[in-house]
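Have a look at the structure below, then the notes.
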Amino acid sequence: MVTDILETAEEQLGTNAHEGHHDAEAAQVADAAHDHVWVHTLTWNEYEHGGLHVFDHAEGSTIWDVNGKAYLDGIAGLWVVNAGHGRAEIAEAMGRQAARLGYANAMNYTSTPTALLGEKLAALTPGDLNRVFFSSGGSEAVETALKIAKQVQAMRGFARRYKVIGRRGSYHGQTMGALSLTHAKNEHWFGPFMYGVSHVPHPDRYRSDFGLEGEAADVMAAKFVEQEIVAQGPDTVAAVIAEPISIAAGVHVPSKVYWQMLREITQKHGVLLIADEVINGFGRTGTMFAIEQYGIVPDIMTLAKGITSGYAPLAATVVSDSVYEVFQQQPSIPMGHLLTFGGHPVSCAASLKNIEIFEQEDLVKRGAETGAYLKSQLDELRSHPSVGDVRGTGMVYGLDLVTNKETRAKIAKDGAFSKRMNELMMERGLITRLWDILHLAPPLVITRDEVDRMVAIVDESLTIAERENASDFTA
Ligand SMILES: Cc1ncc(COP(=O)(O)O)c(C=O)c1O
């Protein structure tokens with residue numbers, strides 16, 4: 001049984017290796033996708049005008065579409081494939097686990113790989129973050145964190161502490177609780193949202209809400225968190241949630257003092273601090289977890305994406321001993337939360353193998369080193385009229401694209417320049433994400449040659465798109 005499954009997996013891996021499909025087959029797959037797959041954010045215009053891409057196989061930092069065209073994966077899927085594509089060892093570990101135990105009831109029981117992964121995550125995460133609630137994706141990990149924060153506050157005797165403070169511009173997911181914390185949430189379609197959510201300014205040094213420069217902007221942003229807690233009434237606030245290094249909000253790396261202040265402020269007011277490491281975690285920012293760079297331990301941490309490098313859906317909400325303690329002190333009360341696929345054995349086996357690869361290949365260090373090289377190359381692009389700033393750390397960067405370097409006015413998110421850039425980069429074989437920020441976050445295993453190719457494509461695309469849209473740029 002086990003060998004059959006492994007053989008099948010190997011056969012599939014064999015055929016995966018860089019073989020395109022015949023034209024007729026490729027067309028059939030593309031038609032099936034066009035007619036039946038709801039690609040999450042694709043508009044019908046994009047379906048109809050060349051925006052639909054069907055990917056078929058991948059290796060390292062390269063991904064091939066169904067027609068056999070190769071692309072550099074400049075954003076590691078969606079900040080996911082940290083260990084790189086085509087890791088047969090992970091596929092094999094999953095096959096072995098599926099054959100041994102494919103699923104175990106997550107409501108009342110757990111399984112061997114889930115137990116071992118819980119222990120591993122407790123060892124890897126900082127301080128006393130020792131208890132892991134598993135789920136399947138980042139939004140679920142955030143929902144779980146919110147519910148834990150609320151229930152723990154209530155069990156500690158503060159039933160009125162239900163409010164949650166997030167930050168403007170942040171992204172925490174799309175399920176209703178996580179969406180309520182996400183800043184751009186399409187109120188006109190999905191409102192009203194979870195009651196009791198408010199947003200404070202971001203630690204953004206490039207366009208500070210306070211007109212401040214450098215660390216002073218971060219200090220003021222942290223003070224705002226305290227002001228908001230006080231304004232809401234500290235006895236009504238359950239938690240503050242933030243990404244240590246914000247990604248969707250524009251790739252901002254705050255100074256150490258910001259997170260140290262957040263830790264002090266939340267502790268002082270009895271508010272739980274949630275660090276959302278869904279993107280930040282697993283080596284993306286140059287350390288295993290970004291919060292390590294700030295020398296503090298949050299009460300709750302959310303993990304997903306790089307936890308399996310995308311080989312299987314998995315997420316985790318890791319809480320400190322002092323948070324879990326309340327369930328030990330009131331031992332007949334369970335957490336009011338259950339997700340059928342939480343801690344799926346096959347996903348946990350994928351994660352264990354993924355972490356083993358991280359350790360064997362020193363991937364965090366390797367990613368940080370190649371990332372520093374990527375940063376040095378991206379800095380060269382500052383000579384472009386549209387490149388206002390280059391930010392990031394580790395292997396996660398953003399080019400802040402502007403129409404005027406002095407005013408720092410952003411390019412239009414869906415404007416002609418940004419659309420053309422996306423087109424030019426895809427034509428040249430580079431996948432990135434561009435709204436007003438051009439995101440670059442390839443797998444940690446990317447080589448320097450691939451970095452050079454990636455930056456050359458961005459450079460050339462910027463030159464062409466700037467020339468074609470010259471009237472957009474005023475300084
Ligand atoms: C910081 C952060 N939190 C949560 C999520 C939601 O994760 P998912 O899309 O896996 O639900 C994301 C997704 O990009 C994210 O960036």
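The values are calculated or read from the model by the stated rules, or taken from the named source; none is laboratory data. Quantities reported herein were computed from a predicted structural model and do not represent experimental measurements. Because the Cβ atoms are built from the backbone with ideal geometry, glycine has one as well, and the counts that use them run over all protein chains shown.
Brief remarks on what is shown
- Restricting attention to the range 179-200, the residues that are surrounded by fewer than 15 Cβ atoms within 10 Å (Cβ to Cβ) and in a helix (DSSP H, G or I) add up to 4.
- Any hit, the range 310-322, residues being part of a loop (DSSP other than H, G, I, E, B) and over 20 Å from the mean Cα position of the chain (by Cα): no
- Among the residues of the range 149-167, the ones that are under 24 Å from the mean Cα position of the chain (by Cα) and among the β-branched types (Val, Ile, Thr) come to 2 in all.
- Options Ile274, Ile279, Ile300: the member that is buried (at least 24 other Cβ atoms within 10 Å of the Cβ), among the aliphatic types (A, V, I, L, M) and within 15 Å of Gly394 (Cβ to Cβ): Ile279
- Among the residues of the range 416-464, the ones that are of a type in the set (Lys, Arg) and either touching a Pro at 6+ places or on another chain (Cβ under 7 Å) or in a loop (DSSP other than H, G, I, E, B) (or both) come to 1 in all.
- Count - residues of the range 410-454 that are of a type in the set (A, V, I, L, M) and surrounded by fewer than 17 Cβ atoms within 10 Å (Cβ to Cβ): 2
- Every residue from the range 309-335 that is within 16 Å of the ligand (Cβ to nearest atom), closer than 15 Å to Thr144 by Cβ and hydroxyl-bearing (Ser, Thr, Tyr): Thr317
- Selection of first residues in the range 274-293 that are part of a loop (DSSP other than H, G, I, E, B) and of second residues that are within 10 Å of the ligand (Cβ to nearest atom) and of a type in the set (S, T, N, Q), restricted to Cβ pairs under 8 Å at least 6 apart or on distinct chains, gives the following pairs, ordered by first then second residue: Glu277/Thr302; Val278/Thr302; Phe289/Asn280.
- Taking (1) without any contact (Cβ under 8 Å) to a residue 40 or more places away in the chain; (2) more than 21 Å from Ala304 (Cα to Cα); (3) within 16 Å of the ligand (Cβ to nearest atom) in turn, Ser180 satisfies each apart from (2).
- Residue count, the range 142-170 (criterion: in a loop (DSSP other than H, G, I, E, B) and either surrounded by 21 or more Cβ atoms within 10 Å (Cβ to Cβ) or in contact (Cβ under 8 Å) with a residue 12 or more places away in the chain (or both)): 8
- Subset of the range 220-246 (residues that are β-branched (Val, Ile, Thr) and surrounded by fewer than 18 Cβ atoms within 10 Å (Cβ to Cβ)): Val230, Thr236
- Test set (1) in a loop (DSSP other than H, G, I, E, B); (2) under 19 Å from Ala70 (Cα atoms); (3) modelled with pLDDT of 95 or more; (4) not hydroxyl-bearing (Ser, Thr, Tyr) - Gly20 fails condition number: (3)
- Screening the candidates Glu46, Glu59 for the property of being away from the ligand (no atom under 16 Å from the Cβ), surrounded by fewer than 23 Cβ atoms within 10 Å (Cβ to Cβ), modelled with pLDDT under 95 and among the charged types (D, E, K, R) yields one hit, Glu46.
- Just so you know, in the range 243-273 the residues that are part of a strand (DSSP E or B) and farther than 21 Å from Leu212 by Cα include one that is farthest from the chain's Cα centre (by Cα), and it is Leu272.
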